[in-house]
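Data first, discussion second: the structure below is written as structure tokens.
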Amino acid sequence: MKNNFNILITGVGGQGLITLVDVLVKSALADGKDVKSSELHGLSQRGGAVAVYVSMGKKVYSPLFKKGDADLILALDLLEGLRSYDFANKNTKVLLNNKFVPLALGGEKTITKDEVVVKVKEIIGSNLHLIEASKICQEKLQKEILATMYLLGYAVFNGYLDIKPESVTVGIKKAMPEKYQQMNIDAFNLAKN
């Protein structure tokens with residue numbers, strides 16, 4: 001029997017993943033849950049891949065979990081979402097920021113956004129939610145980086161993550177300097193509309 005709720009968060013350096021994890025951990029603690037996290041990053045400061053494992057529940061001994069054991073995947077861009085597919089199972093909810101940075105495959109050939117979307121849909125199926133988080137945050141708040149908080153809000157307000165919204169507000173206030181708190185709270189709350 002599985003006791004913990006496992007979350008995989010993927011993206012590239014500079015997208016705010018580590019801040020998102022800090023907010024998520026502090027939110028879960030404010031919600032009365034035990035929580036553990038582990039960051040596995042490559043060249044994160046140079047745009048390299050970053051994967052973060054978070055487990056929460058009554059008692060958590062390790063943040064790491066095996067492939068196929070994620071309950072929720074938050075992917076901050078399409079390619080990293082595609083790379084995380086093997087952590088999903090038939091019940092995993094996958095929230096994927098519909099942001100794409102073109103990737104050269106060698107020579108002149110590049111993979112297109114449409115090709116990635118088709119492949120992700122094929123692999124993940126009906127539990128995939130493509131979300132225009134970057135676009136929405138840029139248009140509504142003039143800051144694309146707030147997409148992380150928007151995705152967190154989407155997960156909470158749609159019942160994919162069992163944390164109270166007020167606990168996330170506490171988590172944001174504990175994790176961030178005061179001058180950034182309100183914009184992040186606004187991005188989080190924007191997802192409930």
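The values are calculated or read from the model by the stated rules, or taken from the named source; none is laboratory data. Only a predicted model underlies this, so the values are computations on that prediction, with no experimental measurement involved. Because the Cβ atoms are built from the backbone with ideal geometry, glycine has one as well, and the counts that use them run over all protein chains shown.
Which of the residues that make up region 145-163 are free of Cβ contacts under 8 Å to residues at least 40 places away in the same chain and of a type outside the set (Phe, Trp, Tyr)? Spell out the reasoning first.
Kept after step one, since they are free of Cβ contacts under 8 Å to residues at least 40 places away in the same chain, are these residues of region 145-163: 153, 156-159.
Hits for region 145-163 are 153, 156, 158, 159.
Output the residue which, of all residues in region 19-56 that are modelled with pLDDT under 90 and in a strand (DSSP E or B), is surrounded by the most Cβ atoms within 10 Å (Cβ to Cβ).
50
For region 72-188, which fully contained helices (runs of 4 or more DSSP H) count at least 2 residues that are within 17 Å of the chain's Cα centre (by Cα) and closer than 22 Å to residue 18 by Cβ? Spell out how you get there, then give the answer.
On the way: elements: 78-83, 113-124, 133-141, 147-157, 165-175.
In region 72-188, 78-83, 133-141, 147-157, 165-175 are the helices (runs of 4 or more DSSP H) which contain 2 or more residues that are within 17 Å of the chain's Cα centre (by Cα) and closer than 22 Å to residue 18 by Cβ.
Can you name the condition, by its number, that residue 1 falls short on among (1) assigned to a loop (DSSP other than H, G, I, E, B); (2) modelled with pLDDT of 85 or more?
Failed condition: (2).
With the requirement that a residue be surrounded by fewer than 16 Cβ atoms within 10 Å (Cβ to Cβ) and charged (D, E, K, R), what does region 76-98 give you? Full working, then the answer.
Here is the first cut: in region 76-98, the ones surrounded by fewer than 16 Cβ atoms within 10 Å (Cβ to Cβ) are 83, 86, 89-91.
Passing the criteria: 83, 86, 90.
In region 63-75, what residues are modelled with pLDDT of 90 or more and surrounded by 19 or more Cβ atoms within 10 Å (Cβ to Cβ)?
70, 71, 72, 73, 74, 75
From the list 21, 50, 25, 35, exactly one residue is out of contact with any Phe, Trp or Tyr (no Cβ under 8 Å at 6 or more places or on another chain) and over 20 Å from residue 167 (Cβ atoms). Which is it? Quick ask: steps written out before the conclusion?
Working: 21 fails: over 20 Å from residue 167 (Cβ atoms); 25 fails: over 20 Å from residue 167 (Cβ atoms); 35 fails: over 20 Å from residue 167 (Cβ atoms).
50 is the lone residue from the list that is out of contact with any Phe, Trp or Tyr (no Cβ under 8 Å at 6 or more places or on another chain) and over 20 Å from residue 167 (Cβ atoms).
Condition first: closer than 24 Å to residue 90 by Cβ, at pLDDT 90 or above, β-branched (Val, Ile, Thr) and buried (at least 16 other Cβ atoms within 10 Å of the Cβ). Can you find one or more residues in region 139-155 that meet it?
no
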